[in-house]
Amino acid sequence: MNAVVLAVGVMLTLTLLRTHVVISLLLGALVGGLAGGLSLSATLAAFNNGITGGASVALSYALLGAFAVAIAKSGLPHAMADLAVKKLETSNAHGKLKWTLILLLGAVSIASQNLVPIHIAFIPMLVPPLLYVMARLKLDRRLVACVITFGLVTPYMVFPVGFGDIYLKQILLGNAAKAGMDIRGINVMHAMAIPALGMVAGLLSAVLVSYRKPRHYSLGKIENAERTHARVSRKSLITALSAIVAAFSVQLYTGSMIMGALAGFLLFLATGVVKWKDADGVFNEGMKMMAMVGFTMITSQGFAEVLRATGEIAPLVKAGAALFEGQRPLAALAMLAIGMTVTLGIGSSFSTVPILTAIYVPLCAHLGFSPLATVSIIGTAGALGDAGSPASDSTMGPTSGLSLDGQHDHIRDTVIPTFLHFNLPLMTAGWIAAMVL
């Protein structure tokens, strides 16, 4: 069996058996490395080389966690929750508030990829304060995870601005041109429109069918984890709002989540809303909150590097495509499935596309696919697996906000729901696009 398939299969099986995702990634990397012909020392060397790439992401999460705790200490979450609860108690507009909340989270998630390209930085700051309101509304957090993941993935798939500019123009078209394709006149929005409709179908299924029923959560656990009962002052509220604006502005200016979160945290210290003597405690609390996310991202980088070191990604792609030589419908399906397998393991569609493009471009030309269909196949194959990978930003981000009180499981409540609702319709839509474009 191909080492990449074996490694990803071991990792996914272990996570489904409720093994911690970090241990699953470690064991999957060891199995994949040894099966791919690497010695134990070479496997560990590749893993150690890979984890250095995740250090920046882990530090970003740690600082975002500290910033989120500082916001909680300011009383802003308490004020927001009280305002929403008061609205619930004085009216019967539960349904209206529920849909407003869903639309808000969806809109902010989409905007985080283009209009205000802060990616997942908004989640630890926006989602935890809303957990109490969600529980009062009996809103299923699996639905919320699907909404946020949709907003994190779909925009970069179809809109060539913000992160979409990087994915569609710089990575997808850029690598296609290097592989020998004439990209003049190719409209990437046209190529990716049908796959994006698959994502929309998955979202509607999650919102209107799968997770429509109420789900109960313990209000006491949320109170203990998130709500602060300190007196809320005008100064602390103004500082919290200013810190959020400052964090976003600095991140946009520097391109660094680390610098943005640091700027927001320092503003809390400078104004005295977070006392200097309490800074260590607040920072440690934030690091604990984000520890699982950070360590998972670090481990996933090591896992991805082991997969690359085996050298079996390219043979997997070639073997899968050669198996269906001359059979365009089956070949398209195989290319999409292989892309999903690679992305599930690596955890990043942005890293998958360069691997696939060099092989898929000449293969698609040989099989008679049009340039537009080729771009659609590669773009969809790269995006497949981003939703539903245990080690992807698109799943780790929602979990970081929804699991604060221990009532949301990463695998059962984020990974499996997003995999089922997005990868399956996306693969179907991508196959249709390959056949009709």
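The values are calculated or read from the model by the stated rules, or taken from the named source; none is laboratory data. What you see is a predicted model, and the numbers here were worked out from it, not measured in a lab. Quick reminder, even Gly has a Cβ in these numbers, built from the backbone with ideal geometry, and neighbours come from all protein chains shown. We work out accessible area using only protein heavy atoms, side chains counted, and drop any ligands, DNA or RNA first. Shrake-Rupley method; radii C 1.70, N 1.55, O 1.52, S 1.80 Å.
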> Short version: ³J(HN,Hα) in whole Hz for each residue of the stretch 63-71, in order, from phi by Karplus 6.51 cos²θ - 1.76 cosθ + 1.60 (θ = phi - 60°), x for Gly and Pro, what are they?
Replying inline: 5, 5, x, 5, 5, 5, 5, 4, 4
> In percent, what relative contact order does the chain have, based on Cα pairs under 8 Å that are 6 or more apart in sequence?
Replying inline: 27
> Counting only the heavy atoms of the protein chains, how much of residue 52 is accessible to a 1.4 Å probe, in Å² to the nearest 10?
Replying inline: 100
> When the accessible area of the stretch 320-397 is split by element with a 1.4 Å probe, what percent falls to carbon and sulfur?
Replying inline: 69
> Excluding ligands, DNA and RNA, what is the solvent-accessible area per residue of the stretch 314-437 at a probe of 1.4 Å, expressed in Å²?
Replying inline: 28
> Cross-link partners among lysines for residue 213, C-alpha distance below 21 Å, same-chain residues fewer than 8 apart left out?
Replying inline: 96, 98, 138
> For the Cα atoms of the chain, what angle does the longest principal axis make with the long axis of helix 188-205, in degrees from 0 to 90, nearest 10?
Replying inline: 50
> Residues of the stretch 148-189: accessible area per residue at 1.4 Å, in Å²?
Replying inline: 42
>> As an exercise, use a Förster radius of 51 Å and the Cβ-Cβ distance of residue 20 and residue 193 to find the FRET efficiency, rounded to the nearest 0.05.
In response: 0.85
> In whole Å, what is the distance between the alpha-carbon centres of the stretch 143-197 and the stretch 361-437?
Replying inline: 12
> Tell me, what HN-Hα J-couplings in whole Hz come from the Karplus equation 6.51 cos²θ - 1.76 cosθ + 1.60 at θ = phi - 60° for each residue of the stretch 136-141, using x for Gly and Pro?
Replying inline: 5, 7, 6, 7, 5, 5
> Of 236, 94, 363, which is farthest along the charge dipole of the chain in the positive direction, counting Lys and Arg as +1 and Asp and Glu as -1 at C-beta?
Replying inline: 94
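Based only on Cα atoms, what Rg/Rh ratio does the stretch 359-437 have, Rh being taken as Kirkwood's radius? Intermediate values should be presented prior to the final figure.
Values: Rg = 16.1 Å, Rh = 13.9 Å.
Expressed as Rg/Rh, it is 1.16.
Of the peptides 333-343, 374-384, 407-417, how do they stack up when ordered by the mean number of other Cβ atoms within 10 Å, highest first?
Working: 333-343: 24.5, 374-384: 29.7, 407-417: 21.5.
Final packing ranking: 374-384, 333-343, 407-417.
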> Under the Kirkwood approximation for Rh and a Cα-based Rg, what ratio Rg/Rh is obtained for the stretch 1-65?
Replying inline: 1.05
